[in-house]
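Scroll down for the structure; my scribbles are underneath it.
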Amino acid sequence: MKLLITITPNLEKLLQNEIKDILKSNKLKLPKFNVIDGGIEIDLSKDTNLNQQNKDYYLWSISNCSRLAESIRIRFGESFTSKNFNQFNSNLEKLNYKTYFPTSSIEPQVMVSCSGSTLYHTNAIKERFIEHFNKSIKNQLSVDINSSKFKPIKKSLKNLKYKLRKIQNNNNNNNDNDNDNDEVDEDDESIIESEDEILNKINKLQSELDEIVGNQKNIPQSKVFIRIDKNIAQLSIDACTSSDGELFHKRTLNKHISEAPIRETLASAIIMSIVSSNSQGNCLDLNKTNIWDPFVGSGTLIQEAIGILLKSKPSNSTNYKRTFQFEYFKNHSTERYLKYLDSINKPISPLIENTLLIGSDIDQKAIDSSIFNLSNQGYNNDNIKFFKGDFKSIYLNQISSSLNYNNNNNNLLKPFTIITNLPYGTRILNKNQQSNIKEENDNDLDYEYFSINNNNNNNNSKKQQDGNIYLNNSLSKDLKDLFKRFGDMIQESNELILKDVFVLNGNSHFQSISTNNGNHNFKWERILNFKNGGLSVELLKMIKK
């Protein structure tokens with residue numbers, strides 16, 4: 001078995017370290033890692049000490065425990081030369097990959113990419129593979145109806161259908177006998193059964209047959225990836241798309257999103273980067289800080305921070321029970337897999353002790369989305385709070401005053417850390433934002449508090465007026481003002497209250513504007529850079545001068 005675990009480019013090192021930790025915690029031998037652009041390859045086929053059952057645990061552990069992986073694919077054998085269609089077809093015949101398809105005849109979804117190759121017509125390559133699948137793989141996967149496993153059910157169905165036809169066509173028994181008497185048992189014809197009774201028996205047997213064979217409507221479509229680069233072809237199959245068709249990185253059921261959402265995988269990458277490294281060698285301990293996201297959006301950063309704080313696995317930190325594509329593979333062992341899940345999915349505490357998590361935003365939709373998403377994850381806790389309002393008002397009225405909120409609460413003895421995804425030129429800002437922001441020296445700024453346990457948020461909140469400004473890569477007046485005020489807030493903040501700041505930034509003007517062209521008492525240090533939704537972004541840490 002060869003695995004390809006993908007991730008956003010420039011985050012491969014984070015993924016490699018996470019997979020190592022996962023395999024160690026699952027008591028699995030560390031294989032050789034091959035880091036490529038946008039992923040990690042693991043080749044288990046060359047380890048003679050691993051049988052197929054042992055190899056399954058690598059796939060199961062990574063799929064259930066990784067917070068960073070965006071997809072997991074299984075390579076089909078070795079790559080092969082493919083300069084023409086005859087060569088391509090010939091090499092397809094040599095591949096043994098039928099075990100990676102469900103026991104059904106559903107044609108897979110095929111994605112083809114070519115670069116620098118004589119074969120460049122992606123649709124023609126796709127057609128050749130589908131033809132090969134229908135001719136070779138589909139027939140091998142078809143269930144043998146004459147096998148001892150299905151013959152008793154098939155024979156009983158035939159007898160019952162014969163009886164049903166006799167009842168429905170009692171005047172044409174001779175015709176029915178001519179057509180069906182070769183395999184029909186009539187020993188029990190003395191037992192008189194009604195048409196409804198026979199129909200019930202037929203439906204019951206048909207359900208048993210469908211359950212064994214696999215009802216095609218309930219089996220997700222397989223996804224095959226064909227990559228031909230410089231006349232070298234490599235085939236892979238997706239192993240972890242969920243049964244409802246959701247991509248692997250989407251692990252929040254019915255997620256409500258606001259403008260410019262961030263993926264759960266990228267949010268986890270941000271948190272892991274923050275807690276793992278910086279140039280001064282001082283790692284941030286999430287247990288020794290409170291967390292504030294002043295541009296909370298859909299609440300994804302807070303959601304992932306909670307999961308990491310609780311040290312919970314993605315498969316166990318959600319009310320959404322995920323079913324992966326590999327569970328439909330022909331040779332998948334359901335019994336062993338369920339035992340594995342029982343061994344890793346231990347009960348986790350819903351409480352986040354001694355840590356306060358605050359999310360704020362000027363957009364009511366963002367507040368509502370965050371509350372819904374975290375509640376849907378099972379995170380209902382008084383330590384999680386949401387406020388509608390500008391970040392300056394939240395800092396002055398909530399963050400600063402929190403030290404006097406409850407002297408008996410240990411989380412208020414800890415400073416706050418900002419972890420946020422900034423507006424950086426493409427996020428939508430409300431056109432009334434500037435008029436709602438008062439002078440910087442005004443301490444009486446407006447805000448609204450929303451508890452994650454309050455189900456009547458919408459009734460108490462003031463509806464936002466329609467009309468938004470869509471920002472591009474240029475610097476608007478609103479965005480420039482936002483960057484300036486954000487930097488001023490950091491400059492004026494008390495280090496005992498606000499100690500660390502981490503921002504995901506995608507605007508080239510942010511650093512200079514927020515630091516007042518270097519005149520403030522802090523600067524920004526880049527931790528890493530990657531792409532978010534196709535836009536280049538950088539994760540920055542605030543460094544005091």
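What to note about this one:
- Net length gained if the chain between GLU195 and SER476 were fully extended (0.36 nm per residue, minus Cα distance): 93.6 nm
- Length gained on full extension, ASN54 to ASN287, computed as 0.36 nm times the residue gap minus the Cα-Cα distance: 80.3 nm.
- Couplings for segment 371-379, taken from phi via the Karplus curve 6.51 cos²θ - 1.76 cosθ + 1.60 with θ = phi - 60°, read 4, 4, 5, 6, 5, 5, 7, x, 8 Hz in order; Gly and Pro are left as x.
- Modelled FRET efficiency - R0 56 Å, ASP47 with SER156, Cβ distances, 0.05 increments: 0.75
- A simple packing score, the average count of other Cβ atoms within 10 Å per residue, orders the peptides 124-130, 373-379 as 373-379, 124-130, with the highest score first.
- Working from the Cα coordinates of segment 1-113, the gyration tensor eigenvalues give, after taking √(5λ), semi-axes of 27, 17, 14 Å in decreasing order.
- Dipole magnitude of segment 50-104 about its Cα centre (Cβ charges: Lys, Arg +1; Asp, Glu -1), debye to nearest 20: 60
- A protection proxy built from the mean count of other Cβ atoms within 10 Å ranks the segments 48-58, 65-75, most packed first, as 65-75, 48-58.
- Segments 334-340, 530-536 sorted - mean Cβ within 10 Å per residue, highest first: 530-536, 334-340
- D (Stokes-Einstein, µm²/s), Kirkwood Cα radius, segment 348-398, 0.692 mPa s at 37 °C: 279
- Entries in LYS13/LYS55; LYS346/LYS541; LYS339/LYS365; LYS20/LYS531; LYS255/LYS477; LYS339/LYS531 that, when Cα-Cα distance is taken, lie over 30 Å: LYS346/LYS541; LYS339/LYS365; LYS255/LYS477; LYS339/LYS531
Taken together, the values in this text are just the output of simple stated rules run on the coordinates, not laboratory data. Predicted, not measured: the structure shown is a model, and the values here were computed from it. Ideal geometry is used to build each Cβ from the backbone, glycine not excepted, and the neighbour counts take in all protein chains shown.
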